[in-house]
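The values are calculated or read from the model by the stated rules, or taken from the named source; none is laboratory data. A quick note: this is a predicted structure, and the numbers were derived from the prediction, not measured. Cβ placement follows ideal geometry from the backbone for every residue including glycine, while neighbour counts extend to all protein chains displayed.
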Amino acid sequence: MAGTTAKTGNGGIEILSPAGSYDILKTAINAGADAVYAGGSCFGARAFAQNFTEKELLEAIDYVHLHGKKLYLTVNTLVKEREMENVFRYLLPFYKQGLDAVIVQDLGVMDMIRQRFPDLPIHASTQMTVTHSLMAGYLEELGVVRIVPARELSLTEIRKIADRTNLEIECFVHGALCYCYSGQCLLSSMIGGRSGNRGQCAQPCRLPWAIKGSSDNSQKEGRKTNGKSGDYLSLKDLCTIDLIPELIEAGITSFKIEGRMKQASYVKTVVEMYRKYVDLYLEQKVSGTEKQFLVSKNDRDILQSAYQRRGYTDGYYRRHNGKEMLSLARPDARETLKKADACDERELQEKINGKLILSEGKSAKLYLSVEGEYGRIETVSEGALVQKALKQPISEERLERQLRKTGGTPFAFEELSIEMDGDVFLPIQGVNELRRAALERLENEIVGTYRRDQKITEQTEERRESSAVSGEEESSSKQSDDNSKERVPIYVSVETEEQLKCAARISFVERIYVEDTLYLGASNEKKEELKTEICQAQTAGKEVFFAMARIFRSEAEHIYRQSLKMLCSIADGMLIRNMESLRILRGEGYEGIIIADSSAYQWNRRSQYFWKTSGADGFVAPLELNVSELEELDRSRMELPVYGYAPVMVSAGCVRRHTSGCTKKSGWLSMSDRYQKEFAVKNECLYCYNVIYNTAPTLLADQGEEIKKLRPSALIFAFSRESSRQMSRILEWFSEVTEGQKDPGTWEGDFTRGHFKRGVK
């Protein structure tokens, strides 16, 4: 039984509830949830939730199984190399107990689970940012059974994934929404040191921001923002109760409710409402009356009053973005905080059948049977010796009355028969002891069907894979030692034509990463000019790579199906930001060099191995690891960013559209926080997303000794809004510092070390 995925009645639609504590878990099950998702003491995306102890989780696994339900464990954070073995040891007791599935973000963790827990179902977390069937299909090939796609996908996009794969699809239907694509946010980490990728998001998007205007043609057209402060990054909560028919018909098999930090009253109300209306629609569908589906106003009001913060939206299912999704007004704390109702303490009991047989001179026997998701289970228990009645024989009525005293247990008798051979007697104490023993045996039989007793080898393929990476690095390290006096190659990334021209002129720049939107978004005439400039750079001995879309959705697929061969014919290689881009490149037969950007989150050797075997030739160092954590990785193919305004958020929401109106032209805005720190915002219209950049550039170019220890394969200078003059000045400064002509302290302007020194918890 262990290792199977969730199966539900009601047409296979699962109501999946959050469970922030053991008591709330019981409340969710009582309210009608088919499954719950919960976090343990570590590796979960809600580090500040109450979460479960190991003992509580083990008990919870048994509890849900006794009632034919499921429990999924969240291990949906990025994991450092030094933590990988801890993940295995953390999961082991839950695996043996019969854990139904694990929700994973880190591709290295996913790979470890595949190898060391081969029969443990894997659910790809929304933190993986699955946005297309290209990645979904690949995950299915690797053994993933369920995906939680990015919350920004439309019903049409979800339907395509459902049609093209056999995956279970789990989608959020109610609760809080992030402004950015899940897993693509470093804002909390960069400005506050609390990483959303480690479950510690400080929710800076809920704070007021001021939009200060644009610096492109839209400003000339009179489309200026007013500079007023507002909650421009704060979305209303999700409520899709009215969309249930559309969600089901789109192929969604699990309705996920957000709220592991919410109260029991919220969980109870929301689960009950979605249970009621999912069942209603499925019943209507069977009867052919599904067009009559309607949510009553009273029920909707009850649902939306369970937790009132900023109002409600039906999310991205019907739209790409929109101002109507924003909650621009600050919520009243009195409205947000509702009375904390007590957890539902009703004891949920499963219906069982029983048969008691009493024969003089033989042990009393109690036969029990039960049917559930685990199948049919039958047990027989023996008790005390049945005696001949010397005075008054024991009556069937009294026996039945005693046997039905099952309060405090997971069971209640539905049918109970008693067979007595003549006038016999059994002490009440004996009856009670037999009942307790029989029910305990039945319970153990049920939970036992979920237990995994296979011997787990602590080192299987991991040793082979790790040694492969280690061997590669060892060889590379020896080479690096032999060539320690050689200069580390310098690469630059550019977003404008002026920056491209500047990079082509600088002699020590060996590779240029060019945003593909610069070329793809240009007119035919401009494309020819850019192509000529790229050729000139290549003639000057420089490699030119195109940097592909940060988010790969239907827009990107359409563009690449038309233009990919052209891009590949021009460039020497490609920089990818997601697995979808890698899959389309290799799927189209591209054999050139592919580098995975920092958003690929290669935090550990297993994730490195995964990307390498999937077709990536190198990677850009993750931005949240410190220097000692980077040292633990294979650095032979690691490019280290040493300058640039880090992209701290990629969002489907458009700041320009929500403030000054959509111009359908890519451009820049400036946004400031409470401390008047300015953040550049680029609306990338070709792919229809926003990129928010950090308030200050990361500067590591002067960290010569640390860089020497790391021995990266290259150093990257990332330019975004800088003018060609600023770009030249920065690269000239670096060159002079490297040659000893300038002191590193001569840097002018603000800067940050990012996480190079401190890292994240």
Of the residues 714, 696, 718, only one is closer than 17 Å to residue 757 by Cα and out of contact with any helix residue (DSSP H, G or I) (no Cβ under 8 Å at 6 or more places or on another chain); which? 696
Examine the stretch 385-396 for a residue that is modelled with pLDDT of 90 or more and closer than 16 Å to residue 436 by Cβ, and state whether such a residue exists. no
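A quick yes/no check of all residues on (1) buried (at least 19 other Cβ atoms within 10 Å of the Cβ); (2) of a type outside the set (Gly, Ala, Ser); (3) at pLDDT below 90; (4) assigned by TED's automatic domain parsing to the domain that holds residue 21:
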residue: 303; (1), (2), (3), (4): yes, yes, no, yes
residue: 310; (1), (2), (3), (4): yes, yes, yes, yes
residue: 313; (1), (2), (3), (4): yes, yes, no, yes
residue: 318; (1), (2), (3), (4): no, yes, no, yes
residue: 321; (1), (2), (3), (4): yes, yes, no, yes
residue: 324; (1), (2), (3), (4): no, yes, no, yes
residue: 329; (1), (2), (3), (4): no, no, yes, yes
residue: 342; (1), (2), (3), (4): no, no, yes, no
residue: 345; (1), (2), (3), (4): no, yes, yes, no
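Might you let me know whether the stretch 414-428 holds any residue that is in a helix (DSSP H, G or I) and exposed (fewer than 15 other Cβ atoms within 10 Å of the Cβ)? Don't jump to the end; show me each part of the working.
Taking the stretch 414-428 and keeping what is in a helix (DSSP H, G or I), we get 428.
In the following step, the residues that additionally are exposed (fewer than 15 other Cβ atoms within 10 Å of the Cβ) were identified as 428.
Yes: one or more hits.
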Over the stretch 78-100, the set of residues without any contact (Cβ under 8 Å) to a residue 60 or more places away in the chain and either closer than 20 Å to residue 36 by Cα or over 19 Å from the mean Cα position of the chain (by Cα) (or both) is 85, 86, 89, 90, 91, 93, 94, 99
Could you check, for the stretch 657-665, whether at least one of its residues is without any contact (Cβ under 8 Å) to a residue 24 or more places away in the chain and either basic (Lys, Arg) or under 30 Å from residue 319 (Cβ atoms) (or both)? yes
Is the stretch 535-551 home to any residue that is touching a Leu at 6+ places or on another chain (Cβ under 9 Å) and of a type in the set (D, E, K, R)? no
Helices (runs of 4 or more DSSP H) enclosed by the stretch 570-680 - at least 2 residues per element that are in the same structural domain as residue 496 (by TED's automatic domain parsing) and surrounded by 23 or more Cβ atoms within 10 Å (Cβ to Cβ): 579-587, 605-614
Among the numbered criteria (1) surrounded by 21 or more Cβ atoms within 10 Å (Cβ to Cβ); (2) more than 23 Å from residue 550 (Cβ to Cβ), which single criterion is violated by residue 690? (2)
When only residues in the stretch 57-73 that are part of a loop (DSSP other than H, G, I, E, B) and more than 10 Å from residue 36 (Cβ to Cβ) count, which is nearest to the chain's Cα centre (by Cα)? 68
Report yes if residue 46 is modelled with pLDDT of 95 or more, of a type in the set (Lys, Arg) and within 26 Å of residue 185 (Cβ to Cβ), otherwise no. no
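Within the stretch 96-103, can one find any residue that is in a helix (DSSP H, G or I) and not β-branched (Val, Ile, Thr)? Full working, then the answer.
Residues of the stretch 96-103 that are in a helix (DSSP H, G or I), as a first pass: 96-97.
From the residues that got through so far, the ones that are not β-branched (Val, Ile, Thr) too are 96-97.
Yes - at least one qualifying residue is present in the stretch 96-103.
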Considering only residues that are within 21 Å of residue 328 (Cβ to Cβ) and among the hydroxyl-bearing types (Ser, Thr, Tyr), look in the stretch 664-677 and name the one that is modelled with the lowest pLDDT. 675
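Restricting attention to the stretch 253-304, and to residues there that are of a type in the set (Ser, Thr, Tyr), touching a residue at least 12 places away in the same chain (Cβ under 8 Å) and out of contact with any strand residue (DSSP E or B) (no Cβ under 8 Å at 6 or more places or on another chain), which single residue is farthest from residue 243 (Cα to Cα)? Before the answer, list the steps.
From the stretch 253-304, those of a type in the set (Ser, Thr, Tyr) are 253-254, 265-266, 269, 274, 277, 281, 287, 289, 296; that's our starting set.
Now restrict to residues that are touching a residue at least 12 places away in the same chain (Cβ under 8 Å): 253-254, 265-266, 269, 274, 277, 281.
The next check asks that each one be out of contact with any strand residue (DSSP E or B) (no Cβ under 8 Å at 6 or more places or on another chain); those that pass are 265-266, 269, 277, 281.
On the way: 265: 23, 266: 20, 269: 18, 277: 10, 281: 11 Å.
Per the criteria, the residue is 265.
Could you go through the stretch 74-93 and let me know if any residue there is among the β-branched types (Val, Ile, Thr), assigned by TED's automatic domain parsing to the domain that holds residue 258, within 20 Å of residue 598 (Cα to Cα) and in a loop (DSSP other than H, G, I, E, B). If you could, list the steps in order and put the result at the bottom.
Of the residues in the stretch 74-93, the ones among the β-branched types (Val, Ile, Thr) are 74-75, 77, 79, 87.
Going one step further and asking which of them are assigned by TED's automatic domain parsing to the domain that holds residue 258, we end up with 74-75, 77, 79, 87.
Narrowing further to those that are within 20 Å of residue 598 (Cα to Cα): 77, 79.
Subsequent filtering for residues that are in a loop (DSSP other than H, G, I, E, B) retains 77, 79.
Looking for residues that are among the β-branched types (Val, Ile, Thr), assigned by TED's automatic domain parsing to the domain that holds residue 258, within 20 Å of residue 598 (Cα to Cα) and in a loop (DSSP other than H, G, I, E, B), one finds at least one in the stretch 74-93, hence yes.
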Scanning the stretch 535-585 residue by residue, the ones that are under 23 Å from residue 489 (Cβ atoms) and β-branched (Val, Ile, Thr) total 4
For the stretch 350-392, enumerate the residues that are surrounded by fewer than 17 Cβ atoms within 10 Å (Cβ to Cβ) and assigned to a loop (DSSP other than H, G, I, E, B). 360, 361, 362, 389, 390, 391, 392
Residue within the stretch 727-741 that is assigned to a helix (DSSP H, G or I), touching a Ser or Thr at 6+ places or on another chain (Cβ under 8 Å), buried (at least 19 other Cβ atoms within 10 Å of the Cβ) and not assigned by TED's automatic domain parsing to the domain that holds residue 577 present: no
Sort through 224, 276 and tell me the only one that's within 17 Å of residue 660 (Cα to Cα) and either out of contact with any Leu (no Cβ under 7 Å at 6 or more places or on another chain) or modelled with pLDDT of 80 or more (or both). 224
Here is a check on your reading of the model: is residue 196 outside the structural domain of residue 314 (by TED's automatic domain parsing), buried (at least 19 other Cβ atoms within 10 Å of the Cβ) and in contact with a helix residue (DSSP H, G or I) (Cβ under 7 Å, 6 or more places away or on another chain)? yes
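Would you confirm, using the coordinates I've provided, whether residue 237 is under 27 Å from residue 13 (Cα atoms), at pLDDT 90 or above and surrounded by 20 or more Cβ atoms within 10 Å (Cβ to Cβ)? Reasoning before the result, please.
Numbers: under 27 Å from residue 13 (Cα atoms): yes; at pLDDT 90 or above: yes; surrounded by 20 or more Cβ atoms within 10 Å (Cβ to Cβ): yes.
In short, yes.
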Quick one: which residue in 58, 78, 16, 71 is crowded, with 23+ Cβ neighbours inside 10 Å, hydrophobic (A, V, I, L, M, F, W, C) and farther than 17 Å from residue 170 by Cβ? 78
Residues being under 20 Å from residue 693 (Cα atoms) and part of a helix (DSSP H, G or I) - total across the stretch 703-724: 1
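Does residue 519 meet the test of being in a strand (DSSP E or B), within 22 Å of residue 620 (Cβ to Cβ) and touching a Leu at 6+ places or on another chain (Cβ under 8 Å)?
Values: in a strand (DSSP E or B): no; within 22 Å of residue 620 (Cβ to Cβ): yes; touching a Leu at 6+ places or on another chain (Cβ under 8 Å): yes.
Considered against the rule, which asks whether it is in a strand (DSSP E or B), within 22 Å of residue 620 (Cβ to Cβ) and touching a Leu at 6+ places or on another chain (Cβ under 8 Å), residue 519 comes out as no.
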